[in-house]
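Input: a single structure, listed below in structure tokens.
The values are calculated or read from the model by the stated rules, or taken from the named source; none is laboratory data. Because the structure is a prediction, the values reported are computed rather than measured. We place every Cβ from the backbone using ideal geometry, glycine too, and count neighbours over all the protein chains shown.
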């Protein structure tokens, strides 16, 4: 058995120089941390090749705090904890982030606590690390196509199907989540974009689209600064009008609130939105429609459409019901 473990580790390392992720459990806090040299030390954004540099980290209930990198080798896949019988959540970080971002630190443990899942953390940090927005946006498009190609390989190798997937992206990664879905024939049942990026995406034909998946949901928390101006999904939620979040004193905090709200929606539900005539009404907080809808969660609200406003608390629990 030991020889198999050693062989597995050696094979992984020889196949791809990647990151090992582990958790710092001091004081009970979950914190992913790098312990290996990253590909950022080798590649620059201008030489971004996601087929080579993207890294896919698997977390399951069997390995909730130390990832198993998955490479496109069926014999190595069989030695991981990936199970084709489970649903798979794909997490895609945003600009200047990586697999160790707060986005992943918050969502990975919540997802695994809620359901027996395969959680795939996409690390495209080699392409997301530039200060040049144009470069990062182009890299985002390239990475989205590569992630879709990886998912197709994974399904073919394991017997999984697209019906088992939920893709979640934050910031620029929100647009990438849509690009992945588009490259998968728009057959993913559930795609969530958390405050998808604004700069460079207003007139970008590759931006998130309502029908990139069967059900698409967007949560706007920093409208007009970090976040996209208008509605993008089949359902769009504008907590607190979508611009400035209670309890925040910076745009970065507002931008991050999306994944905190999603995490709480998975843990305890809540977050009931009221339908608006359009996104202008949501931003102005003038929504009086009779229809309500729950934001977030792990179950797609297939068939629902519209724009919704809701109010949150300044600190956890954020939901007001």
In segment 55-79, residue nearest to residue 153 (Cα to Cα) [restricted to those that are more than 22 Å from the chain's Cα centre (by Cα) and assigned to a loop (DSSP other than H, G, I, E, B)]: 73
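Take the residues in segment 220-265 that are assigned to a helix (DSSP H, G or I) and surrounded by fewer than 19 Cβ atoms within 10 Å (Cβ to Cβ); name whichever of them is farthest from the chain's Cα centre (by Cα). Don't jump to the end; show me each part of the working.
Just the residues of segment 220-265 that are assigned to a helix (DSSP H, G or I), to begin with: 251-265.
From the residues that got through so far, the ones that are surrounded by fewer than 19 Cβ atoms within 10 Å (Cβ to Cβ) too are 251-253.
Values: 251: 19, 252: 17, 253: 17 Å.
The selected residue is 251.
Based on what the data block shows, is residue 321 touching a strand residue (DSSP E or B) at 6+ places or on another chain (Cβ under 8 Å), part of a loop (DSSP other than H, G, I, E, B), surrounded by 14 or more Cβ atoms within 10 Å (Cβ to Cβ) and at pLDDT below 95? Spell out how you get there, then give the answer.
On the way: touching a strand residue (DSSP E or B) at 6+ places or on another chain (Cβ under 8 Å): yes; part of a loop (DSSP other than H, G, I, E, B): yes; surrounded by 14 or more Cβ atoms within 10 Å (Cβ to Cβ): no; at pLDDT below 95: yes.
Answer is no for this residue.
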Given (1) part of a helix (DSSP H, G or I); (2) crowded, with 24+ Cβ neighbours inside 10 Å; (3) touching a helix residue (DSSP H, G or I) at 6+ places or on another chain (Cβ under 6 Å), number of the condition residue 169 does not satisfy: (1)
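What number of residues in segment 80-111 are part of a loop (DSSP other than H, G, I, E, B) and farther than 15 Å from residue 255 by Cα? Let's see the steps before the verdict.
If we filter segment 80-111 for residues that are part of a loop (DSSP other than H, G, I, E, B), which is where we start, we get 80-86, 93-101.
Right, trim to farther than 15 Å from residue 255 by Cα and you get 80-86, 98-100.
Residues flagged as part of a loop (DSSP other than H, G, I, E, B) and farther than 15 Å from residue 255 by Cα within segment 80-111 amount to 10.
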Index of the failed condition, residue 215 passing every other in (1) in contact with a strand residue (DSSP E or B) (Cβ under 8 Å, 6 or more places away or on another chain); (2) more than 20 Å from residue 182 (Cβ to Cβ); (3) at pLDDT 95 or above: (2)
Any hit, segment 131-140, residues being assigned to a loop (DSSP other than H, G, I, E, B) and touching a strand residue (DSSP E or B) at 6+ places or on another chain (Cβ under 6 Å): no
Pairs with Cβ under 8 Å, 6+ apart, first in segment 178-198 and on the phi > 0 side of the Ramachandran plot and at pLDDT 95 or above, second part of a strand (DSSP E or B) and buried (at least 22 other Cβ atoms within 10 Å of the Cβ): 195/170; 195/219; 195/227
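Pull up segment 84-101, narrow it to residues that are crowded, with 16+ Cβ neighbours inside 10 Å and farther than 16 Å from residue 143 by Cα, then point me to the one that is nearest to the chain's Cα centre (by Cα).
This residue is 89.
Answer with yes or no whether residue 270 is free of Cβ contacts under 8 Å to residues at least 24 places away in the same chain, farther than 20 Å from residue 171 by Cα, touching a strand residue (DSSP E or B) at 6+ places or on another chain (Cβ under 6 Å) and part of a loop (DSSP other than H, G, I, E, B).
Working: free of Cβ contacts under 8 Å to residues at least 24 places away in the same chain: no; farther than 20 Å from residue 171 by Cα: yes; touching a strand residue (DSSP E or B) at 6+ places or on another chain (Cβ under 6 Å): yes; part of a loop (DSSP other than H, G, I, E, B): yes.
Against the criterion (free of Cβ contacts under 8 Å to residues at least 24 places away in the same chain, farther than 20 Å from residue 171 by Cα, touching a strand residue (DSSP E or B) at 6+ places or on another chain (Cβ under 6 Å) and part of a loop (DSSP other than H, G, I, E, B)), residue 270 does not qualify.
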Filtered residues of segment 281-308 (kept if on the phi > 0 side of the Ramachandran plot and touching a helix residue (DSSP H, G or I) at 6+ places or on another chain (Cβ under 6 Å)): 296, 297
